[in-house]
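Below is one structure, written out as structure tokens, with a few remarks after it.
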Amino acid sequence: MKEQHPSGLSEGGGEQSKERFSSYGFILAAIGSAVGLGNMWKFPYITGLYGGAAFFLLFTICLLLVGLPVLLAELAVGRGGRGNPSTSLIRLSGSKLWGRLGFITILGPFVILSFYAVVAGWTMHYAVLSFTGKLFESGDYTGLFTNFIGSWLPVFWQFIVMLLTGFIIMLGVSAGIERFNKILIPGLVILLLVLVVRALTLEGAGEGVAFFLRPDFSKLTAESALVALGHAFFSLSLGMGAMITYGAYVDKRQSLGGATLAIGLGDLLYAFLAGLIIFPTTFVFDLEASQGPGLVFVALPAAFSAMPLGAFFGGLFFVLLAFAALTSAVSLLEVPVAFVREVLGWSRPFAVVLVSAACFLIGVPSALSLGGDGSGLNFGGKSLFDWVDFICSNIVLPLSGLIITLFVGYAWKGAAEEAGLTVWWFRVWMFMIRFVAPVLVLLVFLYSAGLISF
Ligand code: PHE
């Protein structure tokens, strides 16, 4: 394969502008990006926290009304600009200012991956613990989890995650990202269905299902709406440049509207099925669904220990999480890799090694800040790990979402052509992108940054 000189900021050129997904491969890769730790680790505990079914309904509305239009906008920018987010914005607008704004979309995924890989590593460690039965030896799940995250072991697993992610990206778009998603996503679906059947056939599962599906509208608050919107963004991988970068590898003939719908529905269905696993399981075993990030690593092991073949199902559950996390990590790493290849002219292997190593290193303090040797890294009551998550999810993500909506809504003339919608759908889309999405995203940002409260 000939590695060409970087394209700089001109149209075309550059090896990466020729890399392409197949149409089916693109949908799988984008679903792989969307479906991740967000769906299984974050979604259940915030749903538990904000009232179950009512929150799920809000999340669905946010995802359909705001998430999908922004997703289409990101895919269109990527395919139109044929580059990393920053370069694409410059190409489409002809202005360097947009490229500078787009730069935050490059930094975001790099930083988020540094801690995302840490949690992905936890899931791998727990898969091993569960299959070997070690998870259930002491019966003290809180103690086990606290000891684990307080040790250096998470750094080892974080390293493994970065190694695997880097390896896949190194193979390229179609031989790496696409092929790997084609293997993992069907595996993911099978695991998911096995676990849904397991959870729904537990005795007394109905109460958990009811909590998840019977909305209590008195629980709806402005705060829960903003959390739902923020999560819809995170869950669809928006505001992190991932969908723009994947969009750059999409064939011109593919329908972006159809792809947007497939990705959105895939993500929603996955969140729904994840709820059908988590809520019956927590209810049957009398565990607190709203207990926070520890839900998956503390409450669920207790549940698995008490069910027949629990070690096996527990192992499958953590493998499922690890698969989902890897396909998302791949999409996060591809963003900065595409950027340095394009702007600095590095070859893919060189870019992958350097970016992965840097990402691993900046993640180590996060990994150690939860009770380990880095627990001194605590500011204002939050560990470094929590700060990185907070800043990326609540500040960087809505901010870059805002930049994209303003760009597509007001600055880019070619949006209609690239999106390829019918006149009527285009009007609906533009209305959402121009007027609804920016206002709501701004509200999420102001709220998350603590500048407004309810
Ligand atoms: N959507 C992923 C999840 O739900 C996280 C992610 C965010 C991945 C942004 C890529 C970009 O876990």
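The values are calculated or read from the model by the stated rules, or taken from the named source; none is laboratory data. Just so it is clear, the model here is predicted, and its values are computed rather than measured. Note that each Cβ is placed from the backbone with ideal geometry, even for glycine, and that neighbours are counted across all protein chains shown. SASA here: full protein model, heavy atoms, side chains in, ligands and nucleic acids out. Shrake-Rupley method; radii C 1.70, N 1.55, O 1.52, S 1.80 Å.
A few remarks follow.
- Accessible carbon and sulfur surface of the stretch 59-195 relative to its total accessible area, %, 1.4 Å: 75
- Taking each residue as 0.36 nm, the span from residue 222 to residue 131 lengthens on full extension beyond its C-alpha to C-alpha distance by 28.5 nm.
- Summary of the geometry: the stretch 196-248 and the stretch 98-158, compared by the centres of their Cα atoms, lie 21 Å apart.
- Expected-Rg normalisation [2.2 N^0.38 Å, Cα atoms] applied to the chain: 0.94
- Exposed loop sites here are trypsin sites (Lys or Arg not before Pro) assigned a DSSP state other than H, G, I, E or B and surrounded by at most 12 other beta carbons within 10 Å; excluding them, the longest clear run of the chain is 3-251.
- Cα-based Kirkwood hydrodynamic radius, the stretch 68-188, one decimal, Å: 17.5
- Extending 7 Å from Cα along the Cβ direction at residue 57 and again at residue 451 yields two label points whose distance is 3.2 nm.
- Lys, Arg +1 and Asp, Glu -1 on Cβ, resulting dipole of the stretch 295-454 about Cα centre, debye, nearest 20: 280
- Förster-model FRET efficiency, 35 Å R0, residue 140 and residue 382, C-beta, rounded to 0.05: 0.85
- Volume in Å³ per residue [convex hull over Cα atoms, computed for the stretch 281-361]: 115
- Under a model in which nothing but the beta-carbon of Lys, Arg (+1) and Asp, Glu (-1) is charged, the stretch 131-282 shows a dipole of about 480 debye around its Cα centre.
- Partner aspartates and glutamates for residue 18 [C-alpha distance under 13 Å; skip if fewer than 8 residues away on the same chain]: 3, 251, 342
- Loop-resident GluC sites (Glu not before Pro) (DSSP state other than H, G, I, E or B) in the stretch 184-273 with no more than 11 further Cβ atoms inside 10 Å of their Cβ: 203.
- Cleavage-rule hits (chymotrypsin sites (Phe, Trp or Tyr not before Pro)) in the stretch 122-162: DSSP loop, at most 13 neighbouring Cβ within 10 angstrom: 152
- For the stretch 79-199, with +1 on Lys and Arg beta carbons and -1 on Asp and Glu, the positive-most of 176, 106, 88 along the dipole: 88
- FRET efficiency, 1/(1 + (r/R0)^6) with R0 35 Å, evaluated for residue 174 and residue 361 via beta carbons: 0.75
- Available extension along the chain between residue 375 and residue 428 is 14.2 nm, counting 0.36 nm per residue and deducting the alpha carbon span.
- Mean-position separation - Cα centroids, the stretch 28-55 and the stretch 269-331, in angstrom: 12
- When each full DSSP H helix of the chain is screened for a Cα extent of at least 27 Å along its own axis and an average Kyte-Doolittle hydropathy of at least 0.5, the helices passing are 96-131, 179-200, 256-284, 310-344, 348-368.
- Estimated FRET transfer efficiency when R0 is 51 angstrom, pair residue 309-residue 96 (beta carbons, to 0.05): 0.30
- Taking all protein chains into account, the per residue accessible area for the chain stands at 37 Å² (1.4 Å probe).
- In this rough spin-label picture, where each label sits 7 Å from Cα along the Cβ direction, the residue 436-residue 214 distance is 3.1 nm.
- Charge-dipole axis of the chain as Lys and Arg at +1 and Asp and Glu at -1 on Cβ define it, positive-most pick from 158, 141, 206: 158
- Hits among lysines - C-alpha to C-alpha of residue 382 under 19 Å, sequence gap 8 or more where chains match: 42
- The stretch 271-386 - percent of accessible surface contributed by carbon and sulfur, probe 1.4 Å: 69
- For the chain, size of Cβ-based charge dipole, Lys and Arg +1, Asp and Glu -1, in debye: 1220
- Selection from 385, 411, 357, by position along the positive dipole direction of the stretch 347-438 (Cβ): 411
- The chain: calculated mean residue ellipticity at 222 nm from DSSP helix runs of at least 4, using -39500 (n - 2.57): -21500 deg cm²/dmol
- Global geometry of the stretch 135-210, whether rounded, prolate or oblate, following the gyration tensor of its Cα atoms and the 1.5 cut on a/c: oblate
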